[in-house]
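The structure appears right after this line, and notes come after that.
Bear in mind that the values in this text are calculations on the coordinates, not laboratory data. These numbers come from a predicted model, not from an experiment. Please note: Cβ atoms are built from the backbone with ideal geometry, for glycine as well, and neighbour counts cover all protein chains shown.
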Amino acid sequence: MKKGTLGVIIGHRGCFPGGLAEKGRQEVVETLRKEGIDILIAGNRETKYGAIENLGDAKKCANLFRQNREKIDGIL
């Protein structure tokens, strides 16, 4: 049984070590996939650490979600 698709936003503040965002992102992705939930999330190539840190990153994430709006059941 498909449990749905979530758009996932991992936030990052530049004053904190980037490794925290990277590790947290990895844990969230693994947990959701293990639960059978499909995800849409900014990639490591699109944003630093695959996280949203500034307005430019937010616009990239918004565009990703906009392009896939028919698939997304919710946002985390």
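If only the Cβ of Lys and Arg carry +1 and only the Cβ of Asp and Glu carry -1, the dipole of the chain around its Cα centre is close to 120 debye. If I fit a long axis through the Cα atoms of helix 55-67 and take the longest principal axis of the Cα atoms of the chain, what angle between them do I get, 0 to 90°, rounded to 10? It is inclined by approximately 10 degrees.
What shape does region 33-76 take by its C-alpha gyration tensor, where a ≥ b ≥ c are the square roots of the eigenvalues and a/c under 1.5 counts as rounded, a/b above b/c as prolate, and the rest as oblate? Please report the intermediate quantities before stating the final value.
Working: a/c = 2.44, a/b = 1.41, b/c = 1.73.
Note, shape of region 33-76 comes out oblate.
Straight-line cross-link partners of K59 among the aspartates and glutamates, defined as a Cα under 14 Å from its Cα and at least 8 positions apart when in the same chain: E46. What is the angle, in °, between the Cα long axis of helix 18-34 and the longest principal axis of the Cα atoms in the chain? Nearest 10 is fine, range 0 to 90. The angle comes out near 10 degrees.
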